[in-house]
Amino acid sequence: LDSCIARRSAATVLFPGTSGNYSQKTWATSVNLAGILWKKESSSVAAGAKPSNSLPSDIMTQPPPQPHLTPQFCFSAGSLRDFLRLSRASIDDSITQNLNALVTPARAGFDPTSTAQRTPRAFPRQIDPQACQNFKDKALFPTWHARAEVLHYCGVVATSPDPDDPEALLRQIEEAKDKERVVDERLDPYSARFFPREPRTKQLAMLIRQEKGVENIVRTRTWGMVKQRCGESADTWEEALESWRQRTGVKGDER
């Protein structure tokens, strides 16, 4: 804008002749500037246009990296829940948005006759099969596999001996005190109640059972959306995930 103003003022100073000449020169200068700006914009758009049938890999949804699996990670309920929550949020909870991002805009121009009559609301558009396959192979199935590996590992930790349990000595002291208590329900009807401190392995086992139930619900819902939009032939997510593992050579355990 400043350059346009500068050129217009320069034209006024250099050509102070009749109003007709001045107007003609000013109009010509404006046209030339508009032509330059239009050519620059058009060339930049043309240079940046790269038609493609699939989305670039750098804008595909990226799940969180798999954590380093240690017993300490499993026994930290907050860390375990955070990983599962972020992993589900990046892929499963936003599955509709992720699938919509795979839809390639129409290449044909707008048809004015399409507004001549009312048409019923169409179902969601089918996605290009190759784009769907890339999404499943690079985002969906690896994310499911990573969560399955974490749940399986922590399930093994929950059923293994825990010699480093920091509360083991405290539980032994509480159990010894409980044996010395005198239970007389006539004087205290609640004296027979004793709530021992649960080992952290038992707490972890309960958490793993809950998260596996949630995982099954989440994957069933996600796979239903994928089948609807991608026309997937596999009936269940278990079959699809196992087929992906066989194709890629990835080993897993869903027990």
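The values are calculated or read from the model by the stated rules, or taken from the named source; none is laboratory data. All values derive from a computational prediction rather than experimental measurement. Because the Cβ atoms are built from the backbone with ideal geometry, glycine has one as well, and the counts that use them run over all protein chains shown.
Just checking, how many residues over region 89-124 are surrounded by 12 or more Cβ atoms within 10 Å (Cβ to Cβ) and modelled with pLDDT under 70?
1
Does region 69-84 contain at least one residue that is assigned to a loop (DSSP other than H, G, I, E, B), closer than 24 Å to G155 by Cα and modelled with pLDDT under 90? Lay out the reasoning, then the answer.
First pass over region 69-84, keeping only residues assigned to a loop (DSSP other than H, G, I, E, B): 69-70, 76.
Now restrict to residues that are closer than 24 Å to G155 by Cα: 69-70, 76.
After this cut, where a residue has to be modelled with pLDDT under 90 as well, the list is none.
Checking region 69-84: not a single residue is assigned to a loop (DSSP other than H, G, I, E, B), closer than 24 Å to G155 by Cα and modelled with pLDDT under 90.
What do you reckon, is E242 modelled with pLDDT of 60 or more and under 30 Å from N100 (Cβ atoms)? Reasoning before the result, please.
Working: modelled with pLDDT of 60 or more: yes; under 30 Å from N100 (Cβ atoms): yes.
When the stated conditions are applied, E242 passes them.
Within region 193-248, which residues are without any contact (Cβ under 8 Å) to a residue 12 or more places away in the chain and either buried (at least 16 other Cβ atoms within 10 Å of the Cβ) or small (G, A, S) (or both)?
Within region 193-248, G213, G224, K227, S233, A234, S243 meet the criteria.
Which residue, of T222, T201, is within 30 Å of F141 (Cα to Cα) and at pLDDT below 95?
Numbers: T222 fails: at pLDDT below 95.
After applying the criteria, what remains is T201.
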